[in-house]
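Inspection log for the structure reproduced underneath, given as structure tokens.
Values in this text are rule-based calculations from the coordinates and carry no lab data. Keep in mind that what you see is a predicted model, and the values were worked out from it rather than measured. Cβ sites come from the backbone with ideal geometry, for glycine too, and all protein chains shown count toward neighbours.
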Amino acid sequence: MDGHVNASSSSRSGAGADGSGLSGAAERLERPPKRTQQRGNYGSNNQDQTDAAVLAVPSVAVRGSSASRPSRLSGGGGGGGGAGPPPNETEEDQGLKYGAQHVIKLFVPVSLCMLLVVATINSISFYSSTDVYLLYTPFHELSPEPSVKFWNALANSLILMSVVVVMTILLIVLYKKRCYRIIHGWLILSSFMLLFIFTYLYLEELLRAYNVPMDYPTALLFMWNFGVAGMMSIHWQGPLRLQQGYLIFVAALMALVFIKYLPEWTAWAVLAAISIWDLIAVLTPRGPLRILVETAQERNEQIFPALIYSSTVIYTLMGTHYTPQQSAEPAVTSSPSSSNSTTTTRATQNSLASPEAAVASSSSRSGNTRTHPHQNQRDDSNVMAAEAEAAGFTQEWSDNLNDRVARRQIEVQSTQSGNAQRSNEYRTVTAPDQAPADAQEERGIKLGLGDFIFYSVLVGKASSYGDWTTTIACFVAILIGLCLTLLLLAVWRKALPALPISITFGLIFCFATSAVVKPFMENLSAKQVFI
Amino acid sequence: MEKRVHAAAIWLLMLLHGAAFAQGERTRDKMYQPIVGAGCFRRLNGTHQTGCSSTHAGSVGVLHLINVEADLEFLLASPPSPPYAPMIPPHLFTRRNLLRLIEAGPSNISVVLLINKPEKMKQFSHELNCPNQYSSLNNSETCDASNPATSWNPWGTGLLHEDFPFPIYYIADTEEISKLEKCFLKFNNFNYETHALRSLCAIEVKSFMSAAVSSEVCIRRTRFINNLSGSKYCDPLEGRNVYATVYPRNVSSVEAEETELAITSEKFILVTCRLDTASMFDGVGLGAMDSLVGLSILTQVAHLLRELLPPQSSLPDNRRNVLFVTFNGESYDYIGSQRFVYDVERFAFPKSSARRNLITFDNIEFMLDIGTLDDIANIKLHALSGTPLAQKLLQQLNNYAQSPRYGFNLNIQSEMSYHIPPTSAQSFLRRDPKFPALILNAKPANKYYHSIYDDADNVVFNYGNTSQDFTLLPDVGDTKNFKADSLQMKVRNVSSIVAMALYETLTGKEYTGSKVANPVLADEFFYCFLLSADCPLFKAASYPGSPKGLPMPPMRYVSVLGGPQESSGWTYRVLGYLLSQKQPKIPKDNCTILPLHYFAGFNGVGECRLTTQNYSSALSPAFLIDDYDWRSGNYSTWTESTWSLFSARIFLRPSNVHQVTTLSVGIVVLIVSFCVVYIISSRSEVLFEDLPASNAALFG
Amino acid sequence: MTLPEFFGCTFIAFGPPFALFVFTIANDPLRIIILIAAAFFWLLSLLLSSLLWFAMIPLRDVLAFGVFFSVVFQECFRYIIYRILRSTEQGLQAVAEDTRVTDNKHILSYVSGLGFGIISGMFALVNVLADMSGPGTMGLQSGTELFFVTSAAQALSIILLHTFWSVIFFNACDTNNYLHIAYVVGSHLFVSLLTLLNASELYTATLLTNYIITILTGLLAFRVAGGTSRSFKKFVTCQ
């Protein structure tokens, strides 16, 4: 077993050196068994198994069929193309299908978050007026001149973005130096701030907005329970719904903070800038987020600073659907990438979903020789894990489930933070998880909380002008953008930035609606004309 | 990113440009019509809250015009469609009527509108009979509210110190009033029995006050450590006293070392008056008679003394000086003077940044307080006891007042008893009854004391607009075409008398010159403070080319920290200008460091002057003392509640019948549609039978 | 506060579409996505017509012009949606969890029509509804108290009409039934132009006509979707 893994890893690095062709071929080789497995699952009409099988696919289908993808994309995305899906792409259809479900699973929390922000903006005037400013926005746009405001906004967003970049780099350095305690302390502190101080502020303003008197013992009791429950469910363990609820609330709170403290034009500029930064950070070969992903992959660890919302749903079914996967395992272990992904996930609960293969290929593409020793190391651990599994680990595995979930939560979600400079780490959509064996647990689609935050900032800012048509237009545009992103995700199968498309759509529709559509609609509705 | 921002900017620009001619009309613009006016707001002291507040969402009431008192009966005897909003003219805005409205309860009366129809008004003062009663000398003789003869404001209703359960909104503009009346006549003023069945014209007033109960409570809430958002519930009333000396004081020899500031050996005659006024409504209220006359006399006296007195070195006692102080916040339990006394007692006046030697009570020779001079022909000199000092000054004053040489023809009487008017001197006397305080005050004759109607008409002020140099002193015979009984001449006379008496006190010699105060200065002064801050006097007292004042009178309410503080600012400049010495040799460029200050001057060319004026804080010591006992009554505890906005708008309030019908139709539609859709979707295969079985599922 | 009026009108306008959404859309993720996509395309059409209206400065006050082009654009986008949905049908078939979506073509048209309708109704009514939640009602300077109720009823008819139109339109495109296409475009134009009369408060005329057209269109859509009087009888008699 040991020798086998070593060989496979060396063949892999060789492929990286030679170019993508070899590794692509190697990956294709492993497809047939997986396909059959997956077919079997699908045929059994069990949805969870289907999911698991589909999740296994991405790890092998990274670049192999990229040529045919665009047409697939346009067809599925409603872009107007006419071609039907190529016959060899059925597995991606499954990806999409299951995407549809997951799109909704993201739509709901995103909508809830935006709803919360919009409702707050419209009912609590505290959040819609900016009188205090963040340290990072030294220009306050007080001049009536549009040109001055424009430059202020530009300068503010540049400062803010450079802070974001600097903090990201700082984080990478900390992470590379393995200063986990510092990072954890930082993250716990910031989540503590959000859950206690900012929540208290919110409560205070809420009570004030509705003129409800509340005595301090009640308020403190409530705050204590709310905050502690939040810290527990976010950092340790708790019911999934509760955790999701807390994450949505925290994101909404953060969005409100941005809306409250950023000057008006700066907020728009920051939205635009952050989505571009998102694009760079996730997609460029040396983008900070990508480096983080790679480092984490090398270390067999959680990708560290991602506070992500996970739509993972079914815990209870894990044990029962595990067996078929297990039986498939021996066949799969012969292929390096799948065994990697299996065990990596097994060992580290890697939930950030940048597919193994995608990372591996990208790192090999960029000629990153560092991967080699790590690869070995990882494979070693893989082997151990695989051995454990082969020894009938199933029962214990499901027994340990809760612990591992908790660990994942600690590692993943502890990154929430209350300050602006860290917001960049919040986003990154992740593909339906690649880990076949752990699929039941990990298959949920994941969306960085940063995306929640900035979507909500956009919609909240739009609604602060008091025009509901603009708000609705932004909302629809963002959802469609998210939909497209997820579609691309299903097609490309690698971590994608979720902001650019949605924010672009949102900005366009926000300004277009408030400038052009709004007067038109107001004219119509004042005269009760319906179109 | 730039590109994106650029695009955003272009869109915004388009929006701005488009807005000019493509702005659609929101439905609410058709539904609502804003009404401009001034709101009554809430003030709190150590124990109570006074004033008014709307409900949190805004108080709504059906308009009802009150022409005669009988109209009120309709509202008070179970009206058909409550709550109502009576529109009351000032002559019916009486204590009795208001108390009846309060009694009717907020379910019947939700808003009260005061409309500016003063034709039948005889009096309008809502201050107490004894203003500042609880911070004055604790003596029944000082003021007796039950006895109009000895009270200081016999017309007062005390409504200013009532707590109203509804907002009171004052509408001054006749156009706005006619809007309201038109709406009332069109929708409400017929068929009163069917009010409940039809839509009625109603008004919504939003003036929610965030503070409640008392200053103690709201200050505690504001200061509380858990108040994370830093939101304020109330602010202490706070302003600035303005003081100036007739002779410049030497810069303290010790270099700005706070603790080592020496106590001066100078001797001061304190001439004081009050700076502020009060009224029930926000931003309205000039206090023409109740405090502005006193202030104008003080400035005139200051100017006259500045021009008449010889250099300080040639005085018999060259340590003598005159300190003019205008106290702010005096309407609210003597905030300014209490603070002044507090500071002087604690060796903190002037503050160290002024870099002048400290003044203590030992340095104060005596105090001449100019109170309210309602009837200038009937001035009395008040003092607690008939000290020789008082007798001497009275004699000096009368000497000039009755002197045929000047023809002022005034007789200043005296009253040496505990019947002391409610002026700043009370704070000094409260500390030490033996303090040599003399008060010039007239018999109360102001029927509009502390009200919105104490304006230019109340003091019969007609602007002369002479365009003459008000800084020159005219001869006594030169009346500048002002009538002898005009306000300008009265002020000229009194201030000349006071200035001459002080001249005699300082120099020890009788004043024999013929120069008297300039009525043009009084004319300009009143014009600035009563009609428009964009006026020659303010312009002359500003830096050349500085922005013009607003074409409206400056606000004279003490307000809070961060408030406009217009009145103290202008007073500071005017006193600085009138009490300064021209320094023709110093060029403009060197004239930047106080006490040198560059003024525009009368003709606007600019002149460098050596000034003496300064500010001192007028924040009640109650807010400085830790663990102050709010109920002790030692110091003023007035605070003003914060509010987010005053707004009022009229609209049609739909009848309950209409609302209930709409709602029930909606609910019926909702329920029916749920049922129908559920039935259709559950049996869709039957309904769309033509399709193949597998396809028969239009509705999931 | 006239919150009762607000809720009443909301229920009138959006009660039926909400019921449709709950019972027929919400269960299927794909339908939700198509619904939102349709709403997005309606937004695009509105954006285009607004741009045109915005650019035609002299014609801004002539609402009939804007209405006409808006209808044209909406129908164009309805056709575009049709093309897109039909061209991705196979893909959808593979993707759909619930095979009925693709087996019954009318479901796609119904869903996209409802998406059109809901967003159109929302855009027409949402600001009016927001204004309604204040303490007042219409009629101070102009307008009548009936303004809100009629607006809500009108919006409901438009939402239902859009749904029916899409069913008819998609089917007509499939079967090259130009008469039906003409009917859809014509009735849409007619209804929209008819509502211009609302400005002069001829509510009975407009509402009555609109609801007659709505019922007629509904019947036509019913026929198109495979319903017959026989099936209706069966349906009613619970067989």
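Assuming R0 = 22 Å, what is the FRET efficiency of C:L202 and B:T661, from their Cβ-Cβ distance, to the nearest 0.05?
0.55
Sum up the charges of everything whose Cβ sits under 12 Å from the Cβ of B:L473, counting Lys and Arg as +1 and Asp and Glu as -1, but leave B:L473 out.
So the surrounding residues net to 0.
Apply 1/(1 + (r/R0)^6) to the Cβ-Cβ distance of B:Q581 and B:R431, taking R0 = 41 Å, and write down the FRET efficiency to the nearest 0.05.
Using R0 = 41 Å, I get an efficiency of 0.75.
Taking every alpha carbon pair in the stretch C:3-236, what does the distance histogram look like in 10 angstrom bins from 0, in percent?
Here the calculated profile for the stretch C:3-236 is 7, 30, 36, 20, 6, 1.
For B:H382, which sequence-distant residues (separation of 5 or more, or a different chain) have an amide H within less than 5 Å of its own amide H, given hydrogens modelled in the peptide plane?
HN-HN under 5 Å from B:H382: B:E415, B:I439, B:L440, B:N441.
Kindly flag which residue pairs out of A:K176/A:K494; B:K515/B:K539; B:K30/B:K179; C:K105/C:K233; A:K105/A:K461 have an alpha-carbon separation exceeding 18 Å in this structure.
Table pairs above 18 Å Cα-Cα are A:K176/A:K494; B:K515/B:K539; C:K105/C:K233; A:K105/A:K461.
Please compute, for the alpha-carbon atoms of the stretch B:190-247, the extent along each of the three principal axes and give them in descending order in Å.
The Cα atoms of the stretch B:190-247 stretch 71, 44, 19 Å along the principal axes, largest first.
On a 0 to 90 degree scale, rounded to 10, what angle separates helix B:487-507 from the longest Cα axis of chain B?
Here the helix axis deviates by roughly 40 degrees.
Based on other C-beta atoms within 10 Å, arrange B:S231, B:S673 from fewest to most.
Sorted ascending by nearby Cβ count, the order is B:S231, B:S673.
Using a Gaussian network model on chain C with a 10 Å cutoff between Cα atoms, which of C:T217, C:T209, C:T195 fluctuates the most?
C:T209
Report the chymotrypsin sites (Phe, Trp or Tyr not before Pro) located in the stretch B:154-213 that are in a DSSP loop and have at most 14 other Cβ atoms inside 10 Å of their Cβ, or state none.
The qualifying sites are B:F190.
Please list, in chain and number order, the residues 5+ apart from B:G51 or on another chain whose amide H is under 5 Å from its amide H, with Hs placed from the backbone.
Sorted by chain and number, the residues that satisfy this are B:R43, B:E162, B:D163, B:F164.
For a Förster distance of 56 Å, can you work out the FRET efficiency between the beta-carbons of C:T144 and B:K548, rounded to the nearest 0.05?
Efficiency, rounded to the nearest 0.05: 0.70.
Can I get the semi-axes of the stretch B:158-222's equivalent ellipsoid? Compute them from the C-alpha gyration tensor as square roots of 5 times the eigenvalues, in angstrom, largest first. Numbers along the way, then the final one.
Details: eigenvalues 243, 49, 25 Å².
Its equivalent ellipsoid spans semi-axes of 35, 16, 11 Å.
Can you give me the Kirkwood hydrodynamic radius for the stretch A:99-164, using every pair of distinct Cα atoms, in Å to one decimal? Numbers along the way, then the final one.
Values: mean 1/r = 0.0678 Å⁻¹.
For the stretch A:99-164, inverting the mean 1/r across all distinct Cα pairs yields 14.8 Å.
What's the Kirkwood radius of chain B in Å, using all Cα pairs?
Taking the inverse mean of 1/r over all distinct Cα pairs, chain B comes out at 28.5 Å.
P(r) for the stretch A:179-295: what percent of alpha-carbon pairs falls in each 10 Å bin, starting at zero?
12, 28, 36, 18, 5, 1
With θ taken as phi - 60° and the coefficients 6.51, -1.76 and 1.60, list the Karplus ³J(HN,Hα) couplings across the stretch A:212-219 in order, rounded to whole Hz; mark glycine and proline as x.
After applying 6.51 cos²θ - 1.76 cosθ + 1.60, I find 9, x, 9, 7, 5, x, 4, 4 Hz.
Among C:I213, C:I32, rank each residue by its count of other Cβ atoms within 10 Å, from fewest to most, as a rough exposure measure.
Numbers: C:I213 18, C:I32 21.
Listed from fewest to most nearby Cβ atoms, that is C:I213, C:I32.
Size of the dipole of the stretch A:446-531 about the Cα centre, Lys and Arg at +1 and Asp and Glu at -1 on the beta carbon, nothing else charged, in debye to 20?
240 debye
If you take every residue apart from A:F475 with its C-beta less than 14 Å away from the C-beta of A:F475, what net charge results, scoring Lys and Arg +1 and Asp and Glu -1?
Surrounding charge for A:F475 is 0.
For the stretch A:107-245, what percent of Cα pairs sit more than 19 Å apart?
70 percent
For C:I168, what is the net charge nearby, where nearby means another residue's Cβ is under 14 Å from its Cβ and Lys, Arg count +1, Asp, Glu -1?
Net of charged neighbours comes to +1.
Would you calculate, for chain C, the mean residue ellipticity at 222 nm contributed by helices, counting each DSSP H stretch of 4 or more residues as -39,500 (n - 2.57) and dividing by all residues, to the nearest 500?
After summing the helix terms and dividing by the residues of chain C, the value is -26500 deg cm²/dmol.
Tell me which residues come under 5 Å, amide H to amide H, from B:R240 once H is placed; ignore anything under 5 positions away on its chain.
Those lying under 5 Å, H to H, from B:R240 are B:A618.
For C:L125, B:L197, A:L194, what's the fewest-to-most ordering of other Cβ within 10 Å of each Cβ?
Listed from fewest to most nearby Cβ atoms, that is B:L197, A:L194, C:L125.
For the stretch A:147-197, what is Rg from Cα atoms divided by 2.2 N^0.38 Å, rounded to two decimals?
1.57
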